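Read the structure below first, then the notes.
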Amino acid sequence: MTAVPTAVGSRLAGDLQDLAGIVDPALPGWSRQAFSSYDIAGRHHAKGLMEAAGMETRIDGAGNVIGVLPGDGTAGGRQIMLGSHTDTVEGGGRFDGIIGVLGAIEVVRLVRESGIRLHHDLVVVVFFNEEVNRFGMICSGSHAFAGVLPQSALALEDDHGTAMGDALLPEAGIDPNAMLDARYDLSKVTAFLELHIEQGPNLENEGVQIGVVETITGISRFTALFSGRQDHAGTTPMDVRADACCAAAGTILAVERIAGDEPTSRGTCGMLTFTPMAVNVVTESAVVQGEFRSDSGTWLRDAEAALTAAANSEAAGRGVTLELDWRATEEPMPMAPRVMDTITQVASEQGLSQARMFSGAGHDSQILAPFTDVGMIFVPSVGGRSHCPEEFTELDDILRGVDVLLGAVLRIDGG
Ligand code: HGY
Ligand code: MN
Ligand code: MN
Ligand code: MN
């Protein structure tokens, strides 16, 4: 058996720096948001690395970049698939997503350089638009890839009334009809594996090197439009106002209260816009985008009901009207036991400490999990920070993650 190679730190460090550097210079942190030219540049950069690694590449109708390293033809066309995303949140970090893409490409190089011939075709995918886009949709690329992008997603509108379906072609170079038709035949995929930073504090706090994800969080995301009446701040008595701002504020605090102190439940309202934006004007309209997360679908349904009631009460009590819609809800998603066991076995053979864990972050893996066996490998986040410029993971931890990813590829159904 050919000796199993280990990831090349200098090469991967260079890749990380190059890809992380493709960002919008006008924004803080590392911003390569979907629907931006920086995102297109980032995905095309990854495509170039795939080609340099000897892969055949293409971009599907949903903007997903797909690279293939053919196997020896004895696996009946079956594939082992790796992947993640290259888009970021606004003002994000330089490890979320890209370590999974670059780590997968490093695995391909190691396989080729070592002369190992896999039976399976080895496929690497860069998914378009993993992060929440301005229309409130997550993982639109992997939804399309799995054949589950709802037609209704194209009608989702941003704060300026632009529909996602109208923005895709001019901004992302994606034909919405081709996106709806971009389903990949996942039945031929033996397993999908994603290397990712933990984005939380657990591995670092426990001093553990490898996280083996058991379940990925469920997510319920909403957009609430409060419509009140614009008035003068100084002459309008408090008891005759229809103040959209205060209705929104009460709803935001309700999200925090409903999330409460459950160990794996979260409530966040990260987007709020007022019209007009004027300190001496009673707000006419307010848009709140928020979300709940939990490992329990039941808890999420209860939270949705509680928030709906709270938002209606905050609006009605002020003579404000409310339009509330729940978007991009995802059920909690268990990972495949046989893939988890493979990752566990490989990590222990490599002498690495490891722990099974819950992912409070959402991932493309959860979109693919109903259609093929999926597993995720986590590496520690320094200080547990992510979705911020302070996001950091040590190169040695990334290299350990890549070595486990390669080990799992060689192990799954004979490699
Ligand atoms: O929002 C998330 O959890 C992921 O980073 N998209
Ligand atoms: Mn993210
Ligand atoms: Mn991510
Ligand atoms: Mn979905």
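Key figures
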item: Residue count, segment 363-382 (criterion: part of a strand (DSSP E or B) and not small (G, A, S)); result: 5
item: Elements of type strands (runs of 3 or more DSSP E) contained in segment 277-362, each with 3 or more residues being open to solvent by less than 40 Å² (accessible area, probe 1.4 Å) and touching a Lys or Arg at 6+ places or on another chain (Cβ under 8 Å); result: 285-294
item: Total residues in segment 133-148, condition within 16 Å of ligand 2 (Cβ to nearest atom) and at positive phi; result: 2
item: Residues of segment 7-64 satisfying the condition of being in contact with a helix residue (DSSP H, G or I) (Cβ under 7 Å, 6 or more places away or on another chain) and on the phi > 0 side of the Ramachandran plot; result: F35, G54, G63
item: Residue match in segment 383-393 (condition: part of a strand (DSSP E or B), within 20 Å of E204 (Cα to Cα), within 15 Å of ligand 1 (Cβ to nearest atom) and open to solvent by 30 Å² or more (accessible area, probe 1.4 Å)); result: no
item: Residue count for segment 121-150, restricted to those that are more than 13 Å from ligand 4 (Cβ to nearest atom) and either over 20 Å from V101 (Cα atoms) or modelled with pLDDT under 95 (or both); result: 3
item: Residues being assigned to a strand (DSSP E or B) and among the polar types (S, T, N, Q) - total across segment 218-239; result: 3
item: Candidate set from segment 141-157 (those that are under 13 Å from N129 (Cβ atoms) and assigned to a loop (DSSP other than H, G, I, E, B)); member that is farthest from ligand 3 (Cβ to nearest atom); result: L156
item: Meets criteria (surrounded by fewer than 23 Cβ atoms within 10 Å (Cβ to Cβ), farther than 18 Å from W326 by Cα and of a type outside the set (D, E, K, R)) for F192; result: no
item: Residue under evaluation T215, criteria (1) more than 27 Å from A369 (Cβ to Cβ); (2) among the hydroxyl-bearing types (S, T, Y); (3) in a strand (DSSP E or B), criterion not met; result: (1)
item: Residue among L156, L118 that alone is at negative phi, touching a Lys or Arg at 6+ places or on another chain (Cβ under 7 Å) and surrounded by fewer than 24 Cβ atoms within 10 Å (Cβ to Cβ); result: L156
item: Qualifying residue in segment 361-375 (condition: more than 16 Å from ligand 2 (Cβ to nearest atom) and touching an Asp or Glu at 6+ places or on another chain (Cβ under 6 Å)); result: no
item: Yes/no for I105 being more than 16 Å from ligand 3 (Cβ to nearest atom) and open to solvent by 10 Å² or more (accessible area, probe 1.4 Å); result: no
item: Residues that are surrounded by fewer than 12 Cβ atoms within 10 Å (Cβ to Cβ) and modelled with pLDDT under 95, drawn from segment 222-269; result: G260, D261, P263
item: Test for R338: is it within 30 Å of T190 (Cβ to Cβ), more than 16 Å from ligand 2 (Cβ to nearest atom) and over 22 Å from the mean Cα position of the chain (by Cα); result: yes
item: Some residue of segment 66-73 being more than 23 Å from the chain's Cα centre (by Cα), open to solvent by 30 Å² or more (accessible area, probe 1.4 Å) and modelled with pLDDT under 95; result: yes
item: Residue among G91, G54 that alone is surrounded by fewer than 18 Cβ atoms within 10 Å (Cβ to Cβ) and out of contact with any Ser or Thr (no Cβ under 9 Å at 6 or more places or on another chain); result: G54
item: Tally of residues being within 19 Å of T190 (Cα to Cα) and in a helix (DSSP H, G or I) across segment 102-130; result: 5
item: Segment 69-89 residues that are over 19 Å from E56 (Cβ atoms), paired with ones that are among the hydroxyl-bearing types (S, T, Y) (beta carbon under 7 Å, 6 or more apart); result: T88/S31
item: From G77, G136, residue being open to solvent by 10 Å² or more (accessible area, probe 1.4 Å), more than 16 Å from ligand 3 (Cβ to nearest atom), over 20 Å from G401 (Cα atoms) and of a type in the set (G, A, S); result: G77
item: Test: T88 is assigned to a loop (DSSP other than H, G, I, E, B) and hydroxyl-bearing (S, T, Y); result: yes
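One line per residue, one yes/no per condition, for (1) small (G, A, S); (2) within 16 Å of ligand 2 (Cβ to nearest atom); (3) under 20 Å from the mean Cα position of the chain (by Cα); (4) in a loop (DSSP other than H, G, I, E, B):
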position	(1), (2), (3), (4)
D166	no, no, no, no
M179	no, no, yes, no
S187	yes, no, no, no
Q199	no, yes, yes, yes
E204	no, no, no, no
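The values are calculated or read from the model by the stated rules, or taken from the named source; none is laboratory data. All values reported here derive from a predicted model rather than from experimental measurement. We place every Cβ from the backbone using ideal geometry, glycine too, and count neighbours over all the protein chains shown. With ligands, DNA and RNA removed, areas are computed over all heavy atoms of the protein, side chains included. Shrake-Rupley method; radii C 1.70, N 1.55, O 1.52, S 1.80 Å.
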